[in-house]
Every structure is written in structure tokens, then in C-alpha cells.
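Chemist: Handing you this structure, nothing more for now.
Nothing in this text is a laboratory measurement; each read-out follows from the coordinates by a stated rule. Remember, predicted model here, so these are calculated numbers, not experimental data. Please note: Cβ atoms are built from the backbone with ideal geometry, for glycine as well, and neighbour counts cover all protein chains shown.
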Amino acid sequence: MKKKLFLLVATAISCNSSQKTVKDVASEASTAASEITFAESITEIELKDHLYIYASDEFEGRETGQPGQKKAIAYIKAEYEKLGIPAAKTDGNYFQEVPLEISKLPKGKLSVNGTDFPIGEHVLTFTAANTTTDEIVYVGYGIEDSNYSSYNDIDVAGKIVLLKSGEPKKADGNYSISGTTEASIWSNMSESITKRIQIAVDKGAIGVLYYDADNFNRFKRRFESMKQNNNGRMEVVDNNAPEFYSLFIDQELAKSLLSNIENDSETKVLSKKVELSFESTNDKIGSENVAAMIKGSIKPDEYLVISSHLDHIGITGDGEINNGADDDGSGTVALLEIAEAFKKAADAGVGPKRSILFLHVTGEEKGLLGSQYYTDVDPIVPLANTVANLNIDMIGRIDPEREGDRNYIYLIGSDKLSIELHNLSEEVNKKFMNIELDYTYNDENDPNRFYYRSDHYNFAKNNIPIIFYFNGTHDDYHKPGDTPDKINYDLLENRSRLVFYTAWEIANRDQKLKVD
């Protein structure tokens with residue numbers, strides 16, 4: 001038996017140079033063993049210890065910008081300091097300030113040649129706008145299409161444009177764009193309004209006065225509702241973004257600018273002194289992402305981002321605390337444990353080849369705001385050098401649809417941008433975990449639209465391959481019943497280890513993931 005073994009080894013060694021040497025095989029075996037060792041440092045006990053603190057009443061539901069959220073970021077920072085994992089920012093600050101504001105109705109007026117049109121009566125806008133001009137450009141329907149353009153031979157750069165709803169017709173009564181009696185999407189307000197405004201933006205305009213007689217009252221009802229309730233949506237403040245004004249005007253104001261606007265669709269410059277005087281009443285909110293990093297040993301300028309959101313929905317009107325143990329306390333503590341496993345590997349001399357950014361984002365519940373700020377305004381590391389994002393949002397519970405079939409996780413987005421990432425994910429799971437990877441919510445026609453509803457999406461829209469790990473919703477979703485005693489800690493451990501193994505493979509493979 002020993003002689004046969006010797007011959008087999010000798011044969012392997014003597015084969016051509018493209019095959020692995022004994023040293024290579026031994027090295028791979030050692031790496032695999034250490035990989036398992038580090039994954040096993042992610043334990044139910046530690047996950048549970050973290051989560052009973054992080055999802056306790058002391059953190060008051062971690063609502064964005066509120067005291068509970070400040071306690072959450074302090075906890076996360078302290079844990080990274082204990083682990084000895086440095087801040088991702090070069091200034092040593094773990095916190096990335098995310099400027100937010102709650103949009104409220106502005107106050108003010110629009111004036112045309114000295115005649116005032118107060119907000120809420122003849123003009124509606126939902127943002128501040130302050131400028132004066134002696135001329136505006138009328139662009140008719142404001143359409144840019146292969147069969148028709150409102151912008152031929154006119155320059156609107158730096159101008160305010162006036163445009164109206166609808167689309168042109170030919171003398172024979174057919175629509176100019178379709179060439180038939182059937183209207184195109186330009187006659188559908190919901191589909192076309194954003195397109196018209198974006199075209200004006202792309203042409204360099206600084207604002208749009210939009211006239212739509214049929215829908216002005218619809219905009220006005222929304223305006224009145226916001227005014228009555230005195231509330232608005234939370235948004236990212238981007239001080240570097242160019243100002244652009246969108247205003248909706250009624251027939252009286254439109255005709256003060258162009259008396260025959262209903263019948264005139266010819267592009268022209270209008271000599272009118274137009275003054276916009278709308279002051280913001282928005283409430284400013286201070287919030288923070290938390291970011292730590294382990295530098296890569298060989299490819300430090302390539303980055304894998306692992307993310308989870310640190311916020312939840314806070315305290316409801318009846319005074320009940322929404323602890324958010326699953327959403328997304330589970331993702332938060334999983335990320336801390338994954339970071340610890342990678343730190344143990346780095347301390348043992350087998351740290352990741354690529355850098356790993358551990359990103360805890362704020363404002364997810366308000367519209368993916370923390371990740372939006374990170375990707376769109378102030379990336380800590382270059383997006384062009386970011387090889388993938390693994391996003392963890394709710395991995396501690398069981399979807400009622402899966403009761404009795406516990407060993408699963410929903411994966412979303414793994415094949416959207418990189419088949420290579422999808423295949424890697426499958427192979428890693430088969431090798432180490434054998435969890436059922438359920439792609440139910442990866443369907444393009446999924447009515448839940450989960451692909452667009454967590455922080456990975458802001459990476460995906462920037463062409464960065466992603467995987468979203470998710471256990472599905474349950475009866476306690478966004479309710480006070482989402483508490484740490486209801487978490488399945490064995491599943492949380494297994495799912496966290498799956499993310500770790502997948503991250504390990506992405507961070508240590510020779511070639512960066514291919515984007516399809």
C-alpha cells in the first residue's frame with residue numbers, strides 16, 4: 001500500500017508544470033483548514049450576546065437621526081475598536097457623516113413682470129428656488145424623440161424652460177411620434193413627466209415650468225396634504241449637486257407667460273422677467289454611516305464591501321419600541337462577527353488579499369439614504385475599484401412560507417451583473433454550508449421588488465456585482481414584536497458563515513470578478 005501511494009505521489013510530481021505541486025496542494029489544504037477555523041469563530045453565543053444589547057429597549061428602535069441611532073453607532077464603533085479593526089476613512093474617524101433633511105413645503109412666490117403668483121395657488125414647488133431671469137425658453141411639449149424634437153436649433157443651457165403636457169399631431173390628425181391615431185407614452189403624465197424633466201436637465205436647463213391643465217389639481221392635492229400634515233420625506237443633502245428647479249403652474253400663470261400656449265407649440269425665447277423666491281423650511285437631520293476596513297495583503301486597492309443597515313423605525317405613536325432584532329439587527333451583528341473572523345485571519349498571517357470594507361449604513365428605512373450617500377456623493381473607496389457588495393438585511397428568522405423547512409436563505413441579485421459571482425456563490429455554499437439557496441425573490445417579475453429595496457441596490461445601479469442575503473418577511477416585520485428572543489440563532493450562525501465563506505473567496509481569488 002505504501003509503495004502504491006509513493007508511486008501516485010511521484011507520478012503527480014513528475015507531471016507537466018501546469019499541474020499543482022505537492023507544496024501547492026499542502027498550501028491549499030492549509031488555507032482551507034484555516035478558512036474553516038476562522039468561520040467557526042462566528043458563533044450563536046456571540047451573535048446572541050451582541051443582538052440582545054443592540055436590539056434592546058435602550059437603543060429605542062434606532063430611528064435615523066434620533067438618540068437610539070447615536071447609541072447604535074457608538075456600539076458598533078466600540079466593537080471595531082475592541083477588535084482592533086481600524087476605521088475605513090483615512091482620517092481615522094469610523095463615522096461618515098450623512099447630511100439629511102426632511103423635505104417640507106417651501107414658502108414664497110413666483111413673479112412675472114412684477115405680478116406675484118403665491119405658492120399653493122397658481123404655482124407649486126416642493127423645494128427651495130431662488131433666481132431671477134429676464135427671459136425663459138418655451139420648448140412646446142419638451143419632447144426629444146427619434147421622430148420629433150422640441151429642442152431643434154435652441155440652446156437652453158443655463159435657462160429656465162417652459163413646457164406643456166401632451167404631444168404633437170400632424171395636419172391629418174395622426175400623432176407625430178406614433179404616426180397613427182394612437183398616442184405614445186408622451187401622453188401619459190405618469191410615464192412622461194420625469195422624462196421631460198430629465199431631458200431639460202441633460203440639455204443644461206436650470207429649471208422647468210411645467211404646465212399641465214389636466215393634472216395641476218392632482219399636484220395641488222398632494223401639496224395641500226403635505227401642508228396639512230406638515231410632513232415630508234427624508235432625503236440626502238448633496239451640496240455639490242447642481243441646483244435645478246421644478247415648478248408646476250396653472251393656466252393663469254402659463255398664459256401670463258405665453259397667452260396662446262394651448263395652441264402654440266413652436267420653440268421660442270420669451271422676454272419675461274421671472275423671479276423665483278421660494279425659501280426652504282426643511283428640517284436638517286444629522287446621521288452617520290459606520291465604516292471599518294481590513295487592508296488587503298496583495299491587492300489593497302481592490303475592495304469588497306460587506307454591508308448591513310444599522311437603523312430601524314424607532315418608537316411608534318403609541319410609545320411602543322420597534323427593536324428591529326431581525327431588521328436589521330441580525331445583519332448588523334452578523335457583520336461584526338464576519339469582521340472578527342477576518343481579523344483573526346489577518347492576525348494569523350492569512351489576511352484577505354483584497355481589502356474588505358465593513359459598512360454599516362444609516363437611513364435604509366427612510367429610502368436607502370446612507371448607501372445612496374456613500375455611492376452617489378462620497379464613496380470612501382473608489383467605486384471603480386469595488387469588486388462586489390454582499391448585503392445582509394434580515395437573516396435571523398424564518399419566512400412563514402418556509403416553516404418546517406428551516407435550512408434556507410433567499411438570495412437576490414447574484415446573477416444580475418456577474419454570472420461568475422453567482423457560480424462562485426453556489427460553489428462556496430456547496431463546499432462549506434449546503435444551505436438551500438432560494439431564488440424566489442430574484443425573479444424579475446417579483447411583485448415585492450426586493451431587489452430595489454435594500455442597500456445593495458445603490459451598488460448595483462453603479463454596475464457593482466451584488467448578493468442580497470434575506471430570510472423573507474414575517475408577522476413581526478416593522479412591528480414591536482421583532483425582538484431578539486424570536487431569532488433563530490443557529491440559522492443566524494449558519495447564514496453568517498455562508499457570507500463569510502463567500503467573502504473569503506471573493507477577497508482571495510486571483511482575478512477580480514468579471515462584470516457581464
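Chemist: Suppose a student asked you for the relative contact order of the chain, using Cα pairs under 8 Å spaced at least 6 residues apart; what percent would you report? Spell out each step's value before the answer.
Modeler: Values: 1017 pairs, mean separation 104.7, N = 516.
Relative contact order comes out at 20 percent.
Chemist: Still on this structure, I have one more. Taking only DSSP H segments of four or more residues, each worth -39500 (n - 2.57), what value at 222 nm results for the chain once the sum is divided by all its residues, to the nearest 500 deg cm²/dmol?
Modeler: Values: 12 runs with 154 residues, N = 516.
Calculated at 222 nm, the ellipticity per residue is -9500 deg cm²/dmol.
Chemist: Give me the net charge for the shell around residue 421: Cβ to Cβ below 12 angstrom, other residues only, Lys and Arg +1, Asp and Glu -1. Write out the running numbers ahead of the final one.
Modeler: Details: positive: 416, 509, 512, 514; negative: 415, 420, 426, 427, 505, 516.
Computed value for this residue: -2.
Chemist: Which entry in (i) 71, 57, 43; (ii) 100, 60, 48; (iii) 86, 59, 41 matches Cα extents along the principal axes in Å derived from the coordinates of this structure?
Modeler: Recomputing Cα extents along the principal axes in Å here gives the entry labelled (ii).
Chemist: Under 1.5 on a/c is rounded, so check that first for region 380-516, then, if it is not, pick prolate when a/b is larger than b/c and oblate when it is not; a ≥ b ≥ c are the square roots of the alpha carbon gyration tensor eigenvalues. Walk me through the intermediate numbers first.
Modeler: Details: a/c = 1.83, a/b = 1.47, b/c = 1.24.
It is prolate, given that a/c is not under 1.5 and a/b is the larger ratio.
Chemist: Under the rule of at least 5 residues apart or a separate chain, name every residue whose amide H is placed under 5 Å from the amide H of residue 408.
Modeler: Close amide H contacts, sequence-distant or interchain: 436.
Chemist: If each residue of separation counts as 0.36 nm, what is the full-extension length gain between residue 149 and residue 510 once their alpha-carbon separation is subtracted? Could you put the intermediate results ahead of the total?
Modeler: Numbers: separation 361, 0.36 × 361 = 129.96 nm, distance 4.98 nm.
Difference between extended and current length: 125.0 nm.
Chemist: Moving to a separate point now. What is the fewest-to-most order of 438, 318, 376, 485 by other Cβ atoms lying within 10 Å of their Cβ? Walk me through the intermediate numbers first.
Modeler: Working: 438 19, 318 6, 376 15, 485 9.
Going from least to most buried by this count: 318, 485, 376, 438.
Chemist: Expressed as an acute angle from 0 to 90° and rounded to the nearest 10, what is the orientation of the C-alpha long axis of helix 44-54 relative to the principal long axis of the chain?
Modeler: Compared with the principal axis, the helix lies near 30 degrees.
Chemist: Then there is this: Rounded to the nearest 0.05, what FRET efficiency is calculated for residue 134 and residue 224 with R0 set to 35 Å and r the Cβ-Cβ distance?
Modeler: Details: r = 33 Å, r/R0 = 0.94.
The calculated FRET efficiency here is 0.60.
Chemist: Oh, and also: Hey, if you drop one equal point scatterer on each alpha-carbon of region 107-281 and run the Debye formula without solvent, what base-10 log of I(q)/I(0) do you get at q = 0.09, 0.11, 0.12, 0.19 Å⁻¹?
Modeler: Summing over Cα pairs of region 107-281 leads to -0.31, -0.47, -0.56, -1.37.
Chemist: Let me ask another. With 10 angstrom as the radius, rank 75, 374, 80 by how many other C-beta atoms surround their C-beta, starting from the fewest. Let's see the in-between values first.
Modeler: On the way: 75 19, 374 28, 80 23.
Least to most surrounded, the residues fall as 75, 80, 374.
Chemist: Something else now. Ranked by Cβ crowding within 10 angstrom, fewest neighbours first, how are 264, 134, 212 ordered?
Modeler: Ordered by Cβ neighbours within 10 Å, fewest first: 134, 264, 212.
Chemist: What list of ³J(HN,Hα) values in whole Hz, one per residue of region 484-491 in order, does the Karplus curve 6.51 cos²θ - 1.76 cosθ + 1.60 (θ = phi - 60°) give from phi, with Gly and Pro shown as x?
Modeler: x, 6, 9, 7, 8, 5, 5, 5
Chemist: Placing +1 on the Cβ of each Lys and Arg and -1 on the Cβ of each Asp and Glu in the chain, which of 217, 261, 447 has its Cα farthest towards the positive end of the resulting dipole?
Modeler: 447
Chemist: I would also like to ask the following. If you filter region 317-354 for GluC sites (Glu not before Pro), then keep DSSP loop positions with at most 14 other Cβ within 10 Å, what is left? Numbers along the way, then the final one.
Modeler: Details: sites: 320, 337, 340; in loops: 320.
Taking region 317-354 and a limit of 14 other Cβ atoms within 10 Å, the loop GluC sites (Glu not before Pro) found are 320.
Chemist: Kindly express, to the nearest 10 degrees and within the range 0 to 90, the angle between helix 216-229's C-alpha long axis and the longest C-alpha principal axis of the chain.
Modeler: 60 degrees
Chemist: Can you give the % of DSSP beta bridges in the chain that are antiparallel, to the nearest 5? Write out the running numbers ahead of the final one.
Modeler: Details: 44 of 78 bridges.
Here the antiparallel bridges make up roughly 55 percent for the chain.
Chemist: Which angle between 0 and 90 degrees, to the nearest 10, do you get for helix 331-347 versus the longest principal axis of the chain when only C-alpha atoms count?
Modeler: Tilt of helix 331-347: around 50 degrees.
Chemist: Based on alpha-carbon centroids, what's the gap between region 325-366 and region 458-507 in Å, whole number please?
Modeler: Taking the Cα centre of region 458-507 as reference, the centre of region 325-366 is 12 Å away.
Chemist: Same structure again: Where in region 133-156 is the amide nitrogen less than 17 Å from a point lying 7 Å along the Cα-to-Cβ axis of residue 266?
Modeler: 137-142, 149-155
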